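Report on one structure; see the data block that follows.
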Amino acid sequence: MHAETGEEGWLRYAALPPQLAQQYKLPRRIVVTNQSAVVHSAASELARGLHSMLGANLQIASTLPAEDAFVLGTPPEIRHLLPSWKSPSPIEAEGFSLSPFAAQGHNYWVLAGGTDRGELYGVFRILEQIAQQKFPAADTESPSSPIRWVNQWDNFDGSIERGYAGRSIFFDNGHVRPDLRRVSEYGRLLASIGINGATVNNVNSDLHTLEPEMIRELARIADAFRPWGVRMSLAVDLSSPQVVGHLRTFDPLDPGVAAWWRTKADEIYRAIPDFAGFVIKADSEGRVGPSKYGRTPAQAANTVARAMKPHGGVVLYRGFVYNNHLDWNNPKADRARAGYDNFHALDGKFDRNVVIQIKHGPIDFQVREPVSPLFAALRHTNQAIELQITQEYTGQQRHMVFLVPMWKVALDTDMRAENRSTPVSEIVAGQSFHQPLGGYVGVANVGLDANWLHHPMAMANLYGFGKLAWNPDLTTTEIIDSWTRLTFGNDPKVTYIINGLQVDSWRVYEQYTGPLGMGTLTDILVAHYGPGIESAERNGWGQWFRADSKGIGMDRTVATGTGFIGQYPPQLAKIYDSVDTCPDSLLLFMHHVPYDYRLQSGKALIQHVYEAHYEGAAVAATYPRRWGRLRGLIDDQRYNETLALFEYEAGHAMVWRDAVTAWFQHTSGIPDKLGRVGHYPGRIEAESMQADGYTTVDVTPWETASGGKAVVCNRFTTCTLTAKPGQPAGSYSIAVQYFDLRTGAAQYELLLNGKALAHWTANATLPPAAVDPHLDGSTSTRFTVPDVHLKPNDTLTLRGTPDQGEPAPVDYIEVDKQ
């Protein structure tokens, strides 16, 4: 097998086995009925895919040949060529119908699209079926919702906020990149899963986004997307009339401001005729908004939307509006309430081309949240659900977390609005409350890494988002199985192992980070990555879980808490408001309960916290071994990349396990009944080893290092640590827990009785969005040497050589019997 970078994603079009390829008796001609750029892409993609998978050489023509053919067009165009053809069913604007048709002694595969985009989507569906070794079948499909967009949080300097796969594919050094071939390839990937829009800049928009010079540059991105039917949109700041237009105000009710937006919209559509619209973040996290002038989000959104309306553009106004300076001393303060409190009274006051873009949960993409109650409150307003493909709080694409199961929980939640069935998937599609617009927005944040999202497994989230946006009734199993087959092949062993790893990964990550609705327990103040349990408490951000010496959880009940639960329709509120009926998975999001509270499983709360973290870390430890069974069944490059990430995750899951369990044992004063927390028999603390050059330092937060301490080498030459494990003779694995600060590339060498066991460089982990210079849970890293034979009197030596400010820090060495 040839090496693969992952750049092709699920569009590899791997050759089918010859004996199988021969069974596909498909036409060798493609007939197109118009010459649009999107139709050209569709026909070229069909020819490309069938050549790659079946070895077929297809010719593209505009007239009907005297032989079998694929025929692509809209129903009127097809009937012009084949007068007796009738559409098997009505075809919606972006939908398609694929049907066999016999006429004039020839067999045709007729692919009818409601528009040219529909034709393109139909082509990708044909190729997807063949790539999974299925035969194309007659089919009629249409997307669930008109809005199926990705948001890219890219900055003009080339950085990406919450991006974990390299720099921007769109921007660099304040400008649009000269070479946009990567953007075109991204458009192809998006089109293949039915995505029809892309917001290419950060929601924290650069204040110069709407400058005339920048609009001309941005038009080049739209040009690159256009052949794939992907319309570009922009995130804009509401202060633009003042900052860009040099008006004295940006008050949305000022006539001059409204006129400026109309003129700016005209300018944009002259440069980008198929421009999709604007995304607006306002009055949140430092972004200015209408509150400056005593105006409402509806007044602001409508002013911009009316400028867009003549051109067919839309405004997606983010419902992510909250006060990030809450008083944590106030037991009634609750960030979760903000979306409902800020928007429900405005229901029905937004123009018809305004869509409220609502995060799926009421906080901020935590590993487990309930669905936002705002979905049920806006019954006269277009809504779109915002899902986060980039793994901001879920492992930042260093950990494998397949998010489709989490999204399915949200989409399948029946809000019981108006005392009837109103699942979130039907609300955002506009079905429940009969709204004309709505749909799905995914924060994707792909980067220049060859495989787009750094972790080969993370591409399943982008694929899964598109599939759910097209059809939210698809099951998790259907989505992951098709992604695995398209990405890694159809070998039954490959699909069994990868599907199993992916499907359980969200639950496993939740176990070793923050179960029972506590939240991810990550460092929310800086990296949003490693454990930083107390960082969520006693600050204005409002992601509190209210742990104290007696219990855990936010009291959000109506009677004694913040009243958040009362924002739900009565049937759902009744379930959440009682500890007896509230699901354990959301218990600590809704209730503050004592440590000895018995869960529905019968287990005491604090013991569940301990056991969940140990169980999750134990499963993560199996990832490298399970993945190892695929050696030789997929290409070496992707195999080795994924194996390295699994080995890293296995070690980092232990960092999470130890930090969270130690913190809760310290806070509650209740020991783990199984005696694991704080007791690590094979662990040799670095500060207890014989040191030459190493000095002991305190680690902050204390729980992110074993014993709260580590050692560092603050000299220019090598430092050493020496210890005698004193283990009985046998085979062991030896793990070195150290810190990779990413400021340099320190060198480590592990020796047994003076002979080298391993040498490595501390540069193997993916850099975070901002360089973390601290010894903490985000930088703690593990290197493991397996199959080491030890005797009772053996000596281990670890040598660390600093580099560029990275002092070769060490936490501990752990010796485990194999």
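In the chain, helices alone account for a calculated mean residue ellipticity at 222 nm of -9000 deg cm²/dmol, with every DSSP H run of four or more residues adding -39,500 (n - 2.57). In units of the compact-protein estimate 2.2 N^0.38 Å, segment 230-269 shows a Cα radius of gyration of 1.20.
What ratio of Cα Rg to 2.2 N^0.38 Å holds for segment 111-159? Scaled against compact globular proteins, the figure is 1.63.
Loop-located trypsin sites (Lys or Arg not before Pro) in segment 163-253 (DSSP state not H, G, I, E or B) with no more than 12 neighbouring Cβ atoms inside 10 Å: Arg248.
Which percentage, to the nearest 5, of the DSSP beta bridges contained in the chain is antiparallel?
About 60 percent, rounded to the nearest 5.
Sorted from longest to shortest, the spans of the Cα atoms of segment 10-125 along the three principal axes equal 38, 33, 24 Å. Under the classification rounded if a/c is under 1.5, otherwise prolate if a/b is larger than b/c and oblate if not, where does segment 569-715 fall, given a ≥ b ≥ c as square roots of the Cα gyration tensor eigenvalues? Because a/c hits 1.5 or more and a/b fails to exceed b/c, segment 569-715 counts as oblate.
Our summary of shape: the Cα atoms of segment 666-720 have principal axis extents of 45, 24, 11 Å, ordered from largest down, in whole angstrom.
Per the Debye calculation on the chain with a single equal scatterer at every Cα and no solvent contribution, log₁₀ I(q)/I(0) for q = 0.05, 0.09, 0.10 Å⁻¹ amounts to -0.29, -0.93, -1.12. In terms of overall dimensions, segment 199-319 has a Cα radius of gyration and Dmax of 13.5, 43 angstrom. Distance from the alpha carbon centroid of segment 575-605 to that of segment 44-108 works out to 57 angstrom. With contacts taken as Cα pairs under 8 Å and at least 6 residues apart, the chain reaches a relative contact order of 10 percent. Once Lys and Arg get +1 and Asp and Glu get -1 on their Cβ, which of Val367, Phe278, Val785 lies farthest toward the positive end of the dipole of the chain? Highest projection toward the positive end goes to Phe278.
Given segment 556-634, report the % of alpha carbon pairs whose separation exceeds 20 Å. Of all Cα-Cα pairs in segment 556-634, 51 percent lie more than 20 Å apart.
Once backbone amide H atoms are built at 1.01 Å from N, Gly532 has Thr522, Asp523 as its partners under 5 Å, excluding neighbours fewer than 5 places away on the same chain. All C-alpha pair distances within segment 551-598, sorted into 5 Å bins from zero, spread as 5, 24, 35, 25, 7, 3, 0 percent across the bins. Quick note on segment 85-178: its Rg to Rh ratio, both from C-alpha atoms and Rh being the Kirkwood radius, is 1.21. No solvent, one uniform scatterer per C-alpha: report log10 I(q)/I(0) for segment 367-467 via the Debye equation at q = 0.13, 0.17, 0.21, 0.22 1/Å, two decimals. Ignoring solvent entirely, the Cα scatterers give -0.50, -0.77, -1.01, -1.07.
Taking amide hydrogens as placed 1.01 Å from N in the peptide plane, the amide H of Asn151 sits under 5 Å from those of Thr199, Gly442, Val443, Ala444, each at least 5 positions away in sequence or on another chain. Summary of the geometry: segment 197-255 and segment 472-535, compared by the centres of their Cα atoms, lie 34 Å apart.
Rounded to two decimals, the Cα-based Rg/Rh of segment 442-486, with Kirkwood Rh, is 0.99. What the Cβ-Cβ distance of Arg715 and Arg629 gives, at R0 = 41 Å and to the nearest 0.05, is a FRET efficiency of 0.35.
For segment 177-278, the residue among Phe250, Ser233, Ile195 whose Cα projects farthest onto the positive side of the dipole built from Cβ charges is Ile195. In terms of its C-alpha gyration tensor, segment 124-208 has a prolate overall shape, because the principal axis ratio a/c (a ≥ b ≥ c, square roots of the eigenvalues) is not below 1.5 and a/b outweighs b/c.
Let me know the whole percent of all Cα-Cα pairs from segment 312-386 that are separated by more than 14 Å. Distances greater than 14 Å cover 60 percent of the Cα pairs.
Phi angles across segment 151-162 convert, under the Karplus curve 6.51 cos²θ - 1.76 cosθ + 1.60 with θ = phi - 60°, into 3J(HN,Hα) values of 10, 10, 8, 8, 9, 5, 7, x, 7, 9, 5, 6 Hz, Gly and Pro given as x.
Over all orientations, segment 141-191 has a Cα convex hull whose mean projected area works out to 4.6 square nanometres. If R0 is taken as 41 Å, the Cβ-Cβ distance between Ser688 and Asp548 corresponds to a FRET efficiency of 0.80. Its Cα gyration tensor gives segment 589-638 an equivalent ellipsoid; the semi-axes, largest first and in whole Å, are 39, 11, 8. Over the C-alpha atoms of segment 671-765, the Rg to Rh ratio, Rh being the Kirkwood estimate, stands at 0.97. Once both labels are positioned 7 Å from their Cα atoms along Cα-to-Cβ, the gap between His325 and Thr622 label points is 5.0 nm.
With Cα atoms defining each centre, segment 265-289 and segment 642-694 are spaced 48 Å apart in the structure. Three semi-axes describe the equivalent ellipsoid of segment 412-478; taken as square roots of 5 times the Cα gyration tensor eigenvalues and ordered largest first, they are 30, 13, 9 Å. Based on the Kirkwood approach, the hydrodynamic radius assigned to segment 706-813 is 14.4 Å, with every pair of different Cα atoms included. The overall shape of segment 403-536 is oblate: from the C-alpha gyration tensor, with semi-axes ordered a ≥ b ≥ c, the ratio a/c is 1.5 or greater and a/b is no larger than b/c. Annotation: for a label point projected 7 angstrom from Cα along Cα→Cβ of Ala764, residues of segment 702-743 with backbone N closer than 19 Å are 732-743.
Absence of a disulfide-compatible partner, taken as no other cysteine beta carbon within less than 4.7 angstrom, is noted in the chain for Cys582.
Just in segment 9-76: which trypsin sites (Lys or Arg not before Pro) are loop by DSSP and have at most 15 other Cβ atoms within 10 Å? Hits after loop and neighbour filter: Lys25, Arg28.
Read-outs: derived from the displayed coordinates by stated rules, not from any lab. What you see is a predicted model; the values in this text were computed from it and never measured. Backbone-built Cβ (ideal geometry, glycine too); neighbour counts: all protein chains shown.
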